[in-house]
1. Nearest 5 is fine: what % of DSSP beta bridges in the chain come out antiparallel, could you say?
2. Three principal axis extents, largest first, for the C-alpha atoms of region 34-120, in Å?
3. Output needed: percent of Cα pairs per 5 Å distance bin for region 231-322, bins running from 0 to the one holding the longest distance.
4. For residue 276 and residue 23 in the same chain, what is the full-extension length gain: residue separation times 0.36 nm, less their Cα-Cα distance, in nm?
5. Within the chain, which complete DSSP H helices have Cα atoms spanning at least 15 Å along the helix axis and a mean Kyte-Doolittle hydropathy of -1.0 or higher?
6. For residue 87 and residue 37, compute 0.36 nm times the residue count separating them, minus their Cα-Cα distance, and round to one decimal in nm.
7. Measuring with a 1.4 Å probe in the full set of protein chains, what accessible area per residue, in whole Å², belongs to the chain?
8. What is the sum of charges around residue 188, taking Lys and Arg as +1, Asp and Glu as -1, for the other residues whose C-beta is under 14 Å from the C-beta of residue 188?
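The values are calculated or read from the model by the stated rules, or taken from the named source; none is laboratory data. All values reported here derive from a predicted model rather than from experimental measurement. Here the Cβ positions follow ideal geometry from the backbone for every residue, glycine too, while neighbour counts run over all protein chains shown. Heavy atoms of the whole protein, side chains included, go into the accessibility calculation; ligands, DNA and RNA do not. Shrake-Rupley method; radii C 1.70, N 1.55, O 1.52, S 1.80 Å.
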Amino acid sequence: MHQMYRHLHAHPELSMQEHQTAAYIGQQLDALGIENFLCGGTGVVGIQRNGEGPVVAFRADTDGLPIAEDTGADYASTARGQLADGTDVPVMHGCGHDTHVAAALTAAARLAEQTAAWGGTIVWIFQPGEETSAGARAMLDDGLWDKAPKPSVILGQHVFPFPAGTIGLTSGPAMAMADSLKVTLHGKQSHGSQPQDSIDPIVQGAYTITRLQSLVSRELHPQSPAVLTCGSFHAGLKENIIPDRAEFTLNIRTFDEETRTQVLDGVTRIVQAEAAASDAPAPQIEALNSFPKLHNNPEHTQRVKQALIGELGGEQVADLPAAMGSEDFGALGDEISVPYVYWFFGGFLPREDAPPVNHSPFFLPDYELSLATGVRAALAGLGHYLAR
C-alpha cells in the first residue's frame, strides 16, 4: 500500500492525461487476476467476480493538479504537464487522488485474498478527470454501464483534512453543483490620456463583478445557499493604454436546479446590462465546466454509516453538513438511477513536533493511518453488501 501511494504521488498526471496512471492501475489489477479495461480514454474499470451475489461499484479518481509541490517529502512530485492551451505546468497530487487509488487497490487485494468471506461482483471505477468534471461524463459516454455490470449501489470516498482514523458523511444533498464561466468584455482601445475616445472594459468589468455579488446577497432567498466567485481578471498590457477587451472567470456553487438557473440567468442579465450601460459591444459568456449534484441516498447512507461504525467505532464516524465543494461522482449513479453513497476519511495527522504550516502534516512519514482508514472504510462499505 505504501509503495503504491508513494509511486502514485511521485508520478501525477493532469486531468484526462492519466496514461501512465491508467497503465499502472491496469498492471496492479492484472496481478490480482481482476479483469479490466480502459474506458473514457484514461479511465480504468476492473471487474472482480466472486460467485453469486449483488453487484456493487466503487469509485476512485486518478488525476493530479497543476500545482508545484513544496512538501519536503522524499517522494515529492517533480512531474510536469501541459494544460489544454499548451502551458507547461508542474503537477502534484494535491487533492489526495493518489490516496484514493492506493486505498482502492489495496482493498481489492484484500478481497482477492479473502474470497470465502464475500460473494458477488465489484466494479472498480478508476475515474480520470475529476478536477475538470470531464472524467465521469467521458466514461459514461464511452458506455461504462454497457460494458460493466450494472450495480445496485455505487460507493466512493475522499480524503479530507480532519484527523486520520475518522469518517464523515452526509445524508441527502452532500456536495454542491458547480458552474464555471469565462466572460469576455469588449471595449475600445485608447491612450490613457484620451479616455474620451475609449470604451474602458476594465471599468466595465469592475462594475460587472461588483454587481454580480448582489445576485447572492440581494436576489436569492437567505436560506438558498450559493457562492459566486470571480477567480481571475485579465486586461491590458501597459499602464497608460486603455485596452480593447477584458476577460474574467466565474465559479458558481448551488444546491438545487431552481437556484442554479436563477443565478446563471442573473449572470447573463448583469453582464449584458453593464455592457449596455458602458455603451460597449455585446459581451461573450462561455461555459468552461459544470459539476453535477451529489445527493447521497438516505437509506443507503444509514446502512453504510452503520457498517463504518462497526469497523471504526461510533466516536470515529460523524455526520457532516453539506459541503459547497463539488464532485462529478454523482453522475455515475444518476445516469442509471442507481443510489450512491460518498464519504470522507481523515487525512490530517496532528503531531506536537509537526513543522510549521507550509509542510502539511499529511506528508509526514506517519501517513499510514490515513491510508489504512481509507482501506478499512472501503472494505466496510463493500462488506455491508457483499459479506456472506
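1. Details: 52 of 75 bridges.
Of all bridge pairs located within the chain, approximately 70 percent are antiparallel.
2. 50, 30, 15
3. 3, 9, 13, 15, 12, 9, 8, 8, 7, 6, 5, 5, 2, 0
4. Working: separation 253, 0.36 × 253 = 91.08 nm, distance 5.26 nm.
This chain segment gains 85.8 nm when fully extended.
5. Values: long enough: 19-31 (18 Å, -0.45); 97-113 (24 Å, 0.30); 201-212 (16 Å, 0.51); 257-277 (30 Å, -0.21); 298-312 (21 Å, -0.68); 368-386 (26 Å, 0.80).
Helices passing the filter in the chain: 19-31, 97-113, 201-212, 257-277, 298-312, 368-386.
6. Working: separation 50, 0.36 × 50 = 18.00 nm, distance 3.07 nm.
Length gained between residue 87 and residue 37: 14.9 nm.
7. Details: 17270 Å² over 388 residues.
It amounts to 44 Å² per residue over the chain.
8. Values: positive: 245; negative: 197, 200, 244, 279.
In short, -3.
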